[in-house]
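These notes concern the structure reproduced below.
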Amino acid sequence: MTEIVYILGSTRSGTSALRNGLGETRFSGYGEGHIVPILDDLLSSVRKHKKQGLGAAVSGNGMRELRENVLLRHLFHGYEQYLVNQIGSRHLMDKTPTITPIRMAPDLNTFHQNPRFIHCARRHVDNVQSKVKKFTDRSLEQHCREWADCNRAWLDTRDRLNGNFIDFDFHDLATDPERISALIGTYLELSEADTAALAAYLIAKRPQASADRDLTQFLRLSEMDWSDEEKATFTRICGPVGEVLNYGMEDYYA
């Protein structure tokens, strides 16, 4: 049976480190997928036609006999086989660091044969500053909205996965990679060798590690080199979701 693990999270939240670490195990996948929106289109199209029901009242019409979820399951299985053929493995992983797979997670959980979901969150101040430095073509407000939208979507969907997920924080991934590797290993039923390989990668290639960046430290909003207007924008957009996640503005956790 084909299995697929989705690595979920906003950009600059540790998803690349997780993807590359899992690449040391039985799982294989693209550096970034970005094919998931095709599944979203398939879902929308089938559901739209089922709802419109053109010809559904006519005896012998295919639309009348359409079993929506059965068709979607077959389409998803075809998608899985496409990935198996392209990647050369039945143990798949997808890292698409956008809101789409987060929002779609309940449907992905329903229609895939054997899906798994790993979500990594990161505190708003640290994440937005990392985005600002990495993606200079976008405004701070855009980065704030991306962070807030992705994390709000996860809060909205995680309880609809029937417990089929694990989630943790970037800080734990960076400061305690062995524990996070063990958590992932148990969830994905990795061999001891694969779990050790994942841990070794995360220890050697800690997310965003550099000689001048201590990953045990965090940023304070009051010390950010942002204008007063930008700080107000950040607080307005990220503050409500940050409160739900218990993130602080001057401390990592409130």
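The values are calculated or read from the model by the stated rules, or taken from the named source; none is laboratory data. Since the model is a prediction, treat every value here as computed from it, not as a measurement. Counting neighbours? That spans all protein chains shown, and the Cβs are built from the backbone with ideal geometry, glycine included.
Here are the numbers for the structure shown:
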{"item": "Yes/no for Leu202 being more than 21 Å from Tyr247 (Cα to Cα), in contact with a helix residue (DSSP H, G or I) (Cβ under 8 Å, 6 or more places away or on another chain) and at pLDDT 95 or above", "result": "no"}
{"item": "Count of region 80-94 residues which are under 12 Å from the mean Cα position of the chain (by Cα) and either within 15 Å of Asp167 (Cβ to Cβ) or of a type outside the set (D, E, K, R) (or both)", "result": "1"}
{"item": "Number of the exception - Gln217 against (1) at pLDDT 95 or above; (2) of a type in the set (S, T, N, Q); (3) in a loop (DSSP other than H, G, I, E, B)", "result": "(1)"}
{"item": "Search result, residues across region 39-78 that are modelled with pLDDT of 85 or more, surrounded by 14 or more Cβ atoms within 10 Å (Cβ to Cβ) and either part of a loop (DSSP other than H, G, I, E, B) or of a type in the set (Val, Ile, Thr) (or both)", "result": "Val46"}
{"item": "Test: Glu146 is modelled with pLDDT of 95 or more, under 17 Å from the mean Cα position of the chain (by Cα) and of a type in the set (Asp, Glu)", "result": "yes"}
{"item": "Some residue of region 108-115 being of a type outside the set (Phe, Trp, Tyr), buried (at least 17 other Cβ atoms within 10 Å of the Cβ), out of contact with any Lys or Arg (no Cβ under 7 Å at 6 or more places or on another chain) and more than 18 Å from Val5 (Cβ to Cβ)", "result": "no"}
{"item": "Qualifying residues in region 163-185 (those that are assigned to a loop (DSSP other than H, G, I, E, B) and within 17 Å of the chain's Cα centre (by Cα)) - the one nearest to Ala17 (Cα to Cα)", "result": "Phe165"}
{"item": "Top-ranked residue in region 241-254 [being assigned to a helix (DSSP H, G or I) and touching a residue at least 40 places away in the same chain (Cβ under 8 Å); ranked as surrounded by the fewest Cβ atoms within 10 Å (Cβ to Cβ)]", "result": "Val244"}
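Table: residues versus (1) farther than 30 Å from Ala254 by Cα; (2) in contact with a Lys or Arg (Cβ under 9 Å, 6 or more places away or on another chain).
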position	(1), (2)
Val46	yes, no
His77	yes, no
Glu80	yes, yes
Arg123	no, no
